[in-house]
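Reading through the structure tokens given below for one structure.
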Amino acid sequence: MTTKVFPRSLRRAGEGEGLPSIRFSIKKSLPADESEFQSVQLYMPSGLQFTDGANYNGVNLGVINAANRFRNATKEDIKSEKGKKFLSTEEGVVTGLKILDKLGVDQNLLAAQALEQGVAFNPATALAFENVNLRQFSFAFTLVPESEKESRDIRDIENFFRKYMYPEVEGFVSKYPPTFEIKFYDPIADDEIEESIYMPMIHDCYIIGVDVTINPEGNSFHKASNGFAPTSTNMTLTFAEGRMLSRHDIYNKDNLQYNYSRPNSSAEISVAPKGD
């Protein structure tokens, strides 16, 4: 798999140790004549933000608890002194008002009765888990060429991401664009890298946004052999993971460390992923 690297010196250690980087790779085999490269490696952008979220919904258990209490009571309990005492307590008053509420009695009348008795219904609200959010990731780059070759690299990189955001269309059928594998790398030697253990792990994503600003600082260009190239390009890429994740899609079961094998990530997003 060929990779377009920007800047070109990114993976050259030289006198130092090179620079951390991020690589975006297409998870789909392309014909040799369709694309000269299938991945782009860029410098690590600043201000990276990773947002994980879960959704909970408030559920009122008061009515359910009261109904269960009545349902579980036997006829003997109701006829006994204990039952009579229960039906005459504040709980009995509140339950009666709640039943009248369900029967459509005027709310103001019910509120007045509750105020007179000095009681109110306890909804016993609890949180019920619904789902976790589909994660999105945004990466902002400022690409400044140092040569005509790097100007062409910037043009190719911009077209690469825009091209694979759009679907192929045949008649009234749209084919899914390819997913991207996103990895963060540390340099270990000249032109050698390994995945960083300090950065969050991302599963296969679709690219959902390509935002490009040409010459944000001013209207200036470099004279190139085949025209005029911008002196700088701002590019913001937005990705979304292809499916909702579980804990063990991200962490190992035994030690809850990041699972960089990315279980259930594949070129095709599975509707019913298998494994842990």
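Conditions first: (1) modelled with pLDDT of 70 or more; (2) exposed (fewer than 10 other Cβ atoms within 10 Å of the Cβ); (3) not assigned by TED's automatic domain parsing to the domain that holds ILE193. ASN72 passes all but one, so which condition is the exception?
The one condition ASN72 does not meet is (1).
For the stretch 1-25, give me each residue that is at pLDDT 85 or above, under 23 Å from THR179 (Cβ atoms) and touching a Ser or Thr at 6+ places or on another chain (Cβ under 7 Å).
THR3, ARG23, PHE24, SER25
Name the pairs: first residue in the stretch 176-198 and at positive phi and at pLDDT 90 or above, second residue hydrophobic (A, V, I, L, M, F, W, C) and not in a loop (DSSP other than H, G, I, E, B), Cβ to Cβ under 7 Å, at least 6 apart or on different chains?
none
Can you list the strands (runs of 3 or more DSSP E) lying wholly within the stretch 162-204 that have 3 or more residues being buried (at least 19 other Cβ atoms within 10 Å of the Cβ)?
Answer list for the stretch 162-204: 180-189.
Of VAL212, VAL169, which residue is hydrophobic (A, V, I, L, M, F, W, C), modelled with pLDDT of 90 or more and over 29 Å from SER46 (Cβ atoms)?
So the residue among VAL212, VAL169 that is hydrophobic (A, V, I, L, M, F, W, C), modelled with pLDDT of 90 or more and over 29 Å from SER46 (Cβ atoms) is VAL169.
I'd like the full set of residues that are of a type outside the set (Val, Ile, Thr), in contact with a helix residue (DSSP H, G or I) (Cβ under 8 Å, 6 or more places away or on another chain) and within 28 Å of LYS183 (Cβ to Cβ), limited to the stretch 211-255.
Passing the criteria: MET235, LEU237.
Among the residues of the stretch 238-256, what is the count of those that are out of contact with any Ser or Thr (no Cβ under 7 Å at 6 or more places or on another chain) and either outside any loop (DSSP other than H, G, I, E, B) or at pLDDT 85 or above (or both)?
13
The values are calculated or read from the model by the stated rules, or taken from the named source; none is laboratory data. What you see is a predicted model, and the numbers here were worked out from it, not measured in a lab. So basically every Cβ, Gly included, is an ideal-geometry build from the backbone, and we count neighbours across all protein chains shown.
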